[in-house]
Structures are given as C-alpha cells and as structure tokens.
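> One structure, pasted below without further comment.
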Amino acid sequence: MSRPGSRRGSRRLSQPTSGGVPMFYFELDTSECPDAQDNAPRPMITEYVPGRKGSGRSDLALSKFKCKENGVSVAVTNGSTTPLVENPIEDEEAGTYDPFKHRHLEHPTTDLDTLIHLLKGSLGTGILSMPLAFKNAGLFFGLVATFTIGFICTYCVHVLVKCAHELCRRTRVPSLDFADVAETAFSCGPSAVQKFSRLARAVINTFLVIDLLGCCCVYLVFVATNLQQVVNHYTGSDLSVQMYMIIMLAPLIPLNLIRNLKYLSPFSMVANLLIGTGMAITFYYILTDLPSVSERPSFSTWPQLPLFFGTAIFALEGIGVVMPLENNMKTPTHFIGCPGVLNTGMGVVVSLYALVGFFGYLKYGDITEGSITLNLPQDPLAQSVKVMIALAIFLTYALQFYVPMEIIRKGFIDVHLRKYPVASEYILRVSLVLLTVGVAIAIPHLGPFISLVGAVCLSTLGLMFPAVIEIVTFWDTPGGLGAGNWKVYKNLAIIAFGILGFVTGTYVSIQEFVHEFSKHP
C-alpha cells in the first residue's frame, strides 16, 4: 500500500511465525522522502521470504531509512519484530545507537572464555608445519618474518572488527559476521560499489568454504601420513597414504552426518586433550640435544620465501573464527582493546608458532618434514604422539567441516532445496566428504598443500578483504580515511602484499607439487 502523496514506495507486512521468526516483507524507496538524511541513492531493504524471488536475507539490515507517515517518524530495521514506531528517540535522531547494548545473548562468553576459544581456533595443524616454514625462510629470518606476518594478520583482524562495529552503528544491528560485514560495507558505501554488495558476500563465503574445505583436505593428508608411519612400522605392511585415506572414509562419513554442533563438543574436548599431551611430548623431543644455531642458515633463498609465506599465513590466520567470537562476548569492547583479548591471544599464538618453528628447524634442519611429528623417532613414546595428534586432527575434521556446511546449507539448500532439506543436507554432507577425500588422494603431499591453501585463501581472507572493506566503509566518511587519506595508501600496501603472496605462493606451491609428483608419482 503506497503512502498518500508518494509516487513510489510500498510496504507490506505479515505476522511473525509461531517460532518468532520474522516473515514480513518490507520495501521502501526513500528517494522522495522529505526528511531523508541524505539524497544519495540507497539500496532497497528486503526481508527474506521463503519462496519469494528476489527477496534478501533475513538476518542483516543493510541500511536505515526514515520517512514520516501520518506525522510519525518511522525507522525500517531489517530482521526486527519491534513495532516500527517504538524506536528510542536517542537512537533514531542522535545517532547514538550502541550495538553492544542491543545484543541479547543467552550464554555470553567472558573474556577468558573468548581467549580460550581464540587459542583453540588458531592452534591447529599449522603449528606442526612451522618448522617447515622456517626451513624455507632460514632460522633467524623466519623468526623475524613470523612475528611480522603475525603483526600484519592481527592488525587486519583489528581493521575488520572496527569496520564491523562502525557498520553495526550505521545500520542499527547488534552484530555482523564476516560475510555480513562485506555486504553491508558495499551496500552502505559509495554509490559506485553498492551494486556489488551481494557479490562481496558471495566472494567472502566462497573463499571461506574453499579455505575450510581445503583445511579438511590438509587434515586428511596429515592423519593418513602419520598413521602410515606408525602402522607400517609395526605391521610391516606397505599400504600407501591414499589407501589410508580410503580406509578413513568408514568412520569419517558417519561422524560428519552429525548435524548438531552440540553433539560435536565431546569430540572437541577429547581432541584438545590429545593435542595438548602430544605437543608437550613433541616439545620434549625438539628441545633435547639441540645443535648450535650456527649449523643452520639464517636466511634460505628468495625462491623459497613464497613457500614460507603460504605456510606461515596458513598457520597464523584464524580470521574465520574472529567475528563469531566477538559477536558472542559479554563485553565485546574488550576484544580489540589494549591489551585486549585479540592482542593477548594472537601474541600467545604467534610466540608459540615462532618457538615451534625455530626449535623444530634447529633440531632437524634439512630433513624437516611437512609436519614435525613425522620427524619424531620410531620409539613407542614418539609413535604414541603421532597416533594421539592424528586422532585429534581426525576428530577436529568434523568441527572444521561444520562451518562450510552451514554456509552451503543457508545459501543453497534453504533457498533451492527447501522441499527436502534434511535429505538434501545428508546427501551434500556425504558428497563433500567424498570430495575432500578425493582431493587429498590426488594431492597427498602435505608441505605444498598447506602452502597452497594459505596462499590462495588466507592471503585473500586475512589480508586483502579487510583492507578493501575498510576503504569502502570509510570512503564517504569525513576524515574516516585519515589525514591525507593515509589509510588508503596503507590498505593498498596490504592488498599489494596479499596479491604478491597469493601469486608467488600459488606458483611456487604448484611447482613443488610437480617436483614431488616427479619423485613420488
């Protein structure tokens, strides 16, 4: 029904479902609203309506519009069931919306909880590959470069979270995830980029899916390689790594048919205990009978540096878990404060990675493998470490698999396969497990695989995208890009660094694959 006196603009509402999910559809063109805050063209806001072509998502307000209807100020906030005339005046008119006060979390996490989750999400198989990264960089250059890349990655997370906070205030929504931040930044950004908002969301989600499924493939190679060493040593069999991956399908498929994250928590607890115990024993072996630092080169060679970059950023980059953690904090302002949860957590992570890389390469030198566990001796204690960490990573696969599956379910199954959602999800789960196993079988070389995933996915997600998002978010904000627009040049430098790592890391990783296949077809 059009408002009297307007040539365009429509609003249509329907009641929420019994489950409380808003099912209203709202369209408002404010190009002719007399009291709009600005005259710049703005995107149309739509609430997702299942089955309605062209409707948007249900969980994100892309912008806010104001008009007056019968003399009453009206604010349109997407995804809200609050009556349209009951918004606080201070939020509406003074622009003092505080997203943190509007977060209603059933079980918010404390600073310590968030720190533990951040460490858990950042400490994975990457730490075991850091000695290989140092092998490709040199002992002391690798140490300096690890802390440098760690600083840049942490800074880019700061940029992403600050942009999320700014966009939450602009759009008056309590929280945004990574893809939401990208879409909202483009939707509320300069008019020239607004049409790319959905593309920005799709690109972020695509890289997240590729990254996380790529990590699942790395996990499979890691588990199969460690099991091969142990089982073949004690049984005298000669099974290939590929055969172990095929055998793992039997428990892997049922494990990944679990659809509720709650039921995966016990597996996560067991995995944490196994990894903690395994790493403690690994440190015992690494720190025993260390050679002199003079026996290792301080710098390797320039052609090897891209492999270092890919491996290091794969190990250090936990950007996929950042926004969910921040969105569930009891005091989100403590996340990027000083020292803050993020700085503390990343400081611990980078230090641990640097220590493992430095001493692991110092211990094993040129014979350093793609995972430090593969360098451990053949005695029973060391073999138990391989089994413990392999089992922990196997159990972690289901948790890693859960996130890309959720992205695909919301973006594909809930949109195109709503008629048979459960059956479609089960079929897709099995298909994706088979896909990851197939990719791992085709590329069974751990070192180049880790470098490739890091170079392709994490250089874009962790470096380039946050820089682009900051430019778009503050482009139209007076002073938002700093004096002389220095933030533009800073972000362009980060983007150039990410592109350099992407191109060189991918190229060198593919070269390494060719070299490995020529030696071990």
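> Can you compute the modelled spin-label distance between MET243 and VAL144, with each label point 7 Å from Cα toward Cβ, in nm?
It is 4.8 nm.
> Hey, which of these cross-link pairs are over 25 Å Cα-Cα: LYS101/LYS262; LYS262/LYS410; LYS120/LYS490; LYS162/LYS487; LYS162/LYS262; LYS262/LYS330?
LYS101/LYS262; LYS120/LYS490; LYS162/LYS262
> Next up: Any idea of ASP180's accessible area? Nearest 10 Å², probe 1.4 Å.
For ASP180, the solvent-accessible surface is approximately 10 Å².
> Mind checking the full-extension length gain between ASP289 and THR235? Use 0.36 nm per residue of separation minus the Cα-Cα distance, one decimal, nm.
16.4 nm
> Could you sort 250-260, 206-216 so that the peptide with the highest average Cβ count within 10 Å comes first and the rest follow in order?
So the peptides 250-260, 206-216, ranked by packing, come out 206-216, 250-260.
> Continuing with the same structure: Please sort 347-353, 485-491 by packing, taking for each peptide the average over its residues of neighbouring beta carbons within 10 angstrom, highest first.
Working: 347-353: 18.4, 485-491: 15.3.
By packing density, highest mean first, the sequence is 347-353, 485-491.
> Quick query: amide H of MET329 versus all other amide H atoms, modeled in the peptide plane; which residues come in under 5 Å with a sequence gap of 5 or more or a different chain?
Here THR109 satisfy the definition.
> Given a 1.4 Å probe and heavy atoms of the protein chains only, how would you sort CYS153, CYS338, largest accessible area at the top? Working shown, then result.
On the way: CYS153 0, CYS338 135 Å².
Greatest to least solvent exposure: CYS338, CYS153.
> Something else now. Run the numbers for TYR426 and TRP302: contour at 0.36 nm per residue of separation, minus the present Cα-Cα distance, in nm.
Values: separation 124, 0.36 × 124 = 44.64 nm, distance 4.66 nm.
Residue separation times 0.36 nm, minus the Cα-Cα distance, leaves 40.0 nm.
> Which part of the range 234-261 falls in the paramagnetic zone of HIS107, meaning amide N under 16 Å from the point 7 Å along Cα-to-beta-carbon?
In the range 234-261, the label zone of HIS107 (backbone N under 16 Å from the point 7 Å along Cα→Cβ) covers 260-261.
The values are calculated or read from the model by the stated rules, or taken from the named source; none is laboratory data. Just so you know, these numbers come straight off a predicted model, no measurement behind them. Backbone-built Cβ (ideal geometry, glycine too); neighbour counts: all protein chains shown. For accessibility, only protein heavy atoms count, side chains too; no ligands or nucleic acids. Shrake-Rupley method; radii C 1.70, N 1.55, O 1.52, S 1.80 Å.
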